1. Determine whether the range 76-83 contains at least one residue that is open to solvent by 10 Å² or more (accessible area, probe 1.4 Å), among the hydrophobic types (A, V, I, L, M, F, W, C), within 12 Å of the chain's Cα centre (by Cα) and modelled with pLDDT under 95.
2. Give the residues of the range 1-25 that are modelled with pLDDT under 95, touching a helix residue (DSSP H, G or I) at 6+ places or on another chain (Cβ under 9 Å) and not polar (S, T, N, Q), sorted by residue number.
3. Across the range 24-47, which residue is least open to solvent (accessible area, probe 1.4 Å) among those that are in contact with a Leu (Cβ under 9 Å, 6 or more places away or on another chain) and charged (D, E, K, R)?
4. So which pairs qualify, if the first residue must be in the range 87-109 and open to solvent by less than 60 Å² (accessible area, probe 1.4 Å), the second must be at pLDDT 95 or above and in a loop (DSSP other than H, G, I, E, B), the Cβ gap must be under 8 Å, and the two must be at least 6 apart or on different chains?
5. For the range 138-147, which positions are crowded, with 19+ Cβ neighbours inside 10 Å, at pLDDT 90 or above and farther than 24 Å from G97 by Cα?
6. Name the pairs: first residue in the range 121-147 and hydroxyl-bearing (S, T, Y), second residue at pLDDT below 95 and outside any strand (DSSP E or B), Cβ to Cβ under 8 Å, at least 6 apart or on different chains?
7. Quick one: which residue in L42, L80 is under 20 Å from D147 (Cβ atoms) and in a strand (DSSP E or B)?
8. Among the residues of the range 128-137 satisfying the criterion of being in contact with a helix residue (DSSP H, G or I) (Cβ under 9 Å, 6 or more places away or on another chain) and open to solvent by 10 Å² or more (accessible area, probe 1.4 Å), which is nearest to E60 (Cα to Cα)?
Amino acid sequence: MTTERDPGHVNSETPPSFPRERLYRRERRSVPAARAFARETLADWGVRGRADDVVLCVSELATNALLHGVPPGRGFLLRLWLLPCGDGVRVEVHDSGDGVPAVPLESGGSDEGGRGLLLVSELADKWGVTEREPGKAVWFECGVPVD
């Protein structure tokens with residue numbers, strides 16, 4: 001697992017293929033809709049194995065975007081990339097909120113804040129934050145078998 005912070009343009013590490021993406025409004029039903037879109041996209045690409053891990057990470061990042069990164073009247077963008085040579089997938093969640101998310105230093109206690117990023121940091125092979133104007137993109141990559 002690697003965590004990175006990339007101050008460059010959001011596409012600076014993006015694989016040279018066409019993404020699948022969808023915009024979501026700032027509303028609760030956006031999280032299950034994002035999960036369904038991710039699962040459908042992975043199935044279309046023939047992704048096997050870690051698809052549940054990818055969908056769980058999508059759910060956590062979409063939830064974080066809604067709770068912390070999407071101002072009223074705005075939304076977030078979910079973008080999925082198939083990595084070159086079928087090596088896996090990259091997922092980006094773009095929002096216009098301030099701040100840089102981080103995994104909490106302590107995982108104990110009853111505070112639920114930060115647990116989503118803790119899950120992402122454990123399940124993904126790499127993850128990070130890319131600054132953009134306005135806001136940020138939180139991304140992760142998972143090596144997954146592709147048919």
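The values are calculated or read from the model by the stated rules, or taken from the named source; none is laboratory data. These numbers come from a predicted model, not from an experiment. Because the Cβ atoms are built from the backbone with ideal geometry, glycine has one as well, and the counts that use them run over all protein chains shown. All accessible areas refer to the heavy atoms of the entire protein, side chains included, with ligands and DNA or RNA removed. Shrake-Rupley method; radii C 1.70, N 1.55, O 1.52, S 1.80 Å.
1. Step one: filter the range 76-83 for residues open to solvent by 10 Å² or more (accessible area, probe 1.4 Å), giving 77, 79, 81-83.
Cutting the leftovers down to among the hydrophobic types (A, V, I, L, M, F, W, C) gives us 77, 81-83.
From the residues that got through so far, the ones that are within 12 Å of the chain's Cα centre (by Cα) too are 77, 81.
From what's left, modelled with pLDDT under 95: 81.
Yes, the conditions are met somewhere in the range 76-83.
2. Listed by number, the residues that qualify are M1, E4, D6, P15, P16.
3. That would be E27.
4. G88/D125
5. To start, the set of residues in the range 138-147 that are crowded, with 19+ Cβ neighbours inside 10 Å comprises 138-142, 144.
Filter once more, so that each one left must be at pLDDT 90 or above: 138-142.
The answer is C142, and nothing else.
6. S121/M1; S121/V103; T130/P7; T130/G8; T130/H9; T130/V10; T130/S12; T130/E13
7. None of the other options fit; the residue is L80.
8. At the first step, the residues of the range 128-137 found to be in contact with a helix residue (DSSP H, G or I) (Cβ under 9 Å, 6 or more places away or on another chain) are 128, 130-132, 135-137.
Okay, now just the ones that are also open to solvent by 10 Å² or more (accessible area, probe 1.4 Å), so 131-132, 135-136.
Numbers: E131: 19, R132: 20, G135: 18, K136: 16 Å.
Going through the qualifying residues, I end up with K136.
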